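The values are calculated or read from the model by the stated rules, or taken from the named source; none is laboratory data. Being a predicted model, the structure only gives us computed values, none of them experimental. In this analysis, Cβ positions are derived from the backbone assuming ideal geometry, glycine residues included, and neighbour counts consider all displayed protein chains.
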Amino acid sequence: MMALIRGLYLLEFHGFIEVNMTKSNNKLALVIGGSRGIGRAIVLRLAQEGFDIWLTCRSNIEAAKEVQAEVEKIGRECAISVFDIADHKAVKAALEKQVDERVPDAVVYNAGITKDNLFVFMTKDEWDSVLHTNLDGFYHVMHTVIFSMLREKRGRIVIVSSTSGEIGQAGQVNYSASKAGLIGAAKALAREVARKNIWVNVVAPGVIDTEMTKDLPKDKILPMIPMQRYGTADEVASIVAFLCAEKHMYIHGQVIGVNGGLAI
Ligand code: NDP
């Protein structure tokens, strides 16, 4: 039987949000940035694979609650935490105690932002905000959860990078730097934690049909993609779910492109 261990949490930086988390025997997936787009698809796919879900977002509580309702319809539990991954104190306040009590079996670091501009015009704020969110956020989140995972001697970590981090993209010097940084960080971490039964991999999506890409000039982008279409969030989610759930895994420290051939 499940014992109720979570009730109401005060997330002082964003007000109250109800987080119901019971200690069930299901595996638990922590999905950072699970309220919309690719993260939402990852959450739903992992719930279908049998994971309880702990999803996080920055501010879009309504969207997060819609995802939560969908997870519960699938028959899994779903907790929500709201914080800015760029804020180290906020990340620790939201995650540290809880991961110690119920250690996630899988952690998907998916949240990320763009602030595109040609480098010559790029402001310091555009540079800083993308690096602080996408790359510093990795330290804030993973450093908070890794100790518990090491103690348990098990786990899967999937980092969502980008094709831009592999091959660079004009107008995205800040974003490409942050996403390339994630690849380096994930590979180094993979070397450190493999002996503790923790597998770390990176998924690098190309152009995926989400809010992040809705204003891009599709007519200019499609000719660059051999498959001649944007990817779907579900197509990214299926690879993430494979890396989180596959029993017979000998994939570690790898970057898996989901890009329709954009980077070959
Ligand atoms: P969306 O903008 O649709 O969703 C972003 C998610 O991240 C939301 O859950 C959002 O929360 C959360 N988030 C954003 N900033 C923060 C923050 N500072 N702190 C906490 N949570 C935050 O993005 P996508 O689904 O398109 O992208 C998901 C990931 O995939 C990103 O890392 C992105 O870089 C990467 N990617 C996307 C591609 C694409 O074509 N879409 C291509 C390659 C990589 P909230 O809802 O509260 O804002």
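The condition (being in contact with a Cys (Cβ under 9 Å, 6 or more places away or on another chain), within 23 Å of residue 205 (Cα to Cα), part of a strand (DSSP E or B) and touching a residue at least 24 places away in the same chain (Cβ under 8 Å)) is satisfied by just one residue among 53, 42, 80: 53.
Does residue 241 count as crowded, with 22+ Cβ neighbours inside 10 Å and closer than 23 Å to residue 51 by Cβ? Here the answer is yes, as residue 241 does meet what is asked.
The requirement of being within 17 Å of the chain's Cα centre (by Cα) and away from the ligand (no atom under 13 Å from the Cβ) is not satisfied by residue 94.
Within the range 195-213, the only residue that satisfies the criterion of being among the acidic types (Asp, Glu) and either under 18 Å from residue 243 (Cα atoms) or part of a loop (DSSP other than H, G, I, E, B) (or both) is 209. Is it the case that residue 216 is in a loop (DSSP other than H, G, I, E, B) and either within 16 Å of the ligand (Cβ to nearest atom) or surrounded by fewer than 19 Cβ atoms within 10 Å (Cβ to Cβ) (or both)? Criteria met by residue 216.
A count restricted to the range 219-235 and to residues that are of a type in the set (Val, Ile, Thr) and not in a helix (DSSP H, G or I) stands at 2. The set of residues in the range 21-35 that are buried (at least 20 other Cβ atoms within 10 Å of the Cβ) and either within 9 Å of the ligand (Cβ to nearest atom) or at pLDDT below 95 (or both) comprises 21, 31, 32, 33, 34, 35.
Every residue, every condition in (1) at positive phi; (2) touching a residue at least 60 places away in the same chain (Cβ under 8 Å); (3) over 13 Å from the mean Cα position of the chain (by Cα), yes or no:
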site	(1), (2), (3)
49	no, yes, yes
110	no, yes, no
145	no, yes, yes
148	no, no, yes
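Number of residues in the range 99-125 that are within 16 Å of the ligand (Cβ to nearest atom), assigned to a helix (DSSP H, G or I) and under 17 Å from residue 151 (Cβ atoms) equals 0. Taking each residue of the range 117-137 that is touching a residue at least 24 places away in the same chain (Cβ under 8 Å) and under 17 Å from residue 170 (Cα atoms) and looking for partners that are assigned to a helix (DSSP H, G or I) and within 11 Å of the ligand (Cβ to nearest atom) with beta-carbon atoms closer than 9 Å, six or more apart or interchain, yields 130/175; 130/178; 131/178. Residue count for the range 152-190 under the criterion of being outside any helix (DSSP H, G or I), within 14 Å of the ligand (Cβ to nearest atom) and crowded, with 24+ Cβ neighbours inside 10 Å: the result is 5. Can you name every residue in the range 214-245 that is closer than 24 Å to residue 30 by Cβ and either among the polar types (S, T, N, Q) or at pLDDT below 95 (or both)? If the condition is that a residue be closer than 24 Å to residue 30 by Cβ and either among the polar types (S, T, N, Q) or at pLDDT below 95 (or both), then 232, 238 are the ones that fit.
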